[in-house]
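Engineer: There's a structure below that I have some questions on.
The values are calculated or read from the model by the stated rules, or taken from the named source; none is laboratory data. Since the model is a prediction, treat every value here as computed from it, not as a measurement. As a convention, Cβ positions derive from the backbone with ideal geometry for all residues, glycine included, and neighbour counts pool all protein chains shown. The area values use the complete protein model at the heavy-atom level, side chains included, leaving out ligands, DNA and RNA. Shrake-Rupley method; radii C 1.70, N 1.55, O 1.52, S 1.80 Å.
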Amino acid sequence: IDETLPRPSFLDYVGGGAELSLCIGIDFSDSNGHHTDPTSLHYLHDDGTLNDYEKAITAVGNIIAKYDSDKMFPVWGCGA
């Protein structure tokens, strides 16, 4: 790697025509706990509060979705 060359930024890549695609994978294995267990990563709060998975997907997704060329967001689950 040539250290004298400027390192491109994220916006350089997007401005240069790079396309992004937001794809999401969710681990539903029992090792993360059951969705009815309040200590689980999958816990579904009665009041609508986001669980840890939902918070992560929302935080990253809100940024990457703006740059996704087709606005289609495939989601895969494993370990169910």
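Engineer: Using the crude model of +1 on Lys and Arg Cβ and -1 on Asp and Glu Cβ, and no other charge, please compute the dipole size for the chain relative to its Cα centre, in debye to 20.
Structural biologist: 200 debye
Engineer: Taking the Cα atoms of segment 1-50, what is the range of coordinates along each of the three principal axes, in descending order and whole Å?
Structural biologist: 53, 23, 16
Engineer: Roughly how many Å² of Y13 are accessible to a 1.4 Å probe, to the nearest 10?
Structural biologist: 130 Å²
Engineer: If you don't mind, there's one more thing I want to ask. How many percent of the accessible area of the chain is carbon or sulfur, using a 1.4 Å probe?
Structural biologist: 59 percent
Engineer: Computed from the mean reciprocal separation of all distinct C-alpha pairs, what Kirkwood hydrodynamic radius does segment 23-80 have, in Å? Can you show the working numbers first?
Structural biologist: On the way: mean 1/r = 0.0796 Å⁻¹.
That comes to 12.6 Å for segment 23-80.
Engineer: Follow-up. Of H35, H42, which has the most accessible area and how do the rest follow, probe 1.4 Å?
Structural biologist: Accessible-area ranking of H35, H42, largest first: H35, H42.
Engineer: Tell me, what is the per residue accessible area of the chain in Å², probe radius 1.4 Å?
Structural biologist: Heavy-atom SASA per residue in the chain reads 79 Å².
Engineer: Can you give the calculated 222 nm mean residue ellipticity of the chain, where each DSSP H run of n ≥ 4 adds -39,500 (n - 2.57) and the sum is split over every residue, rounded to the nearest 500 deg cm²/dmol? Display every interim value, and only then the final one.
Structural biologist: Numbers: 2 runs with 19 residues, N = 80.
Per the formula, -7000 deg cm²/dmol.
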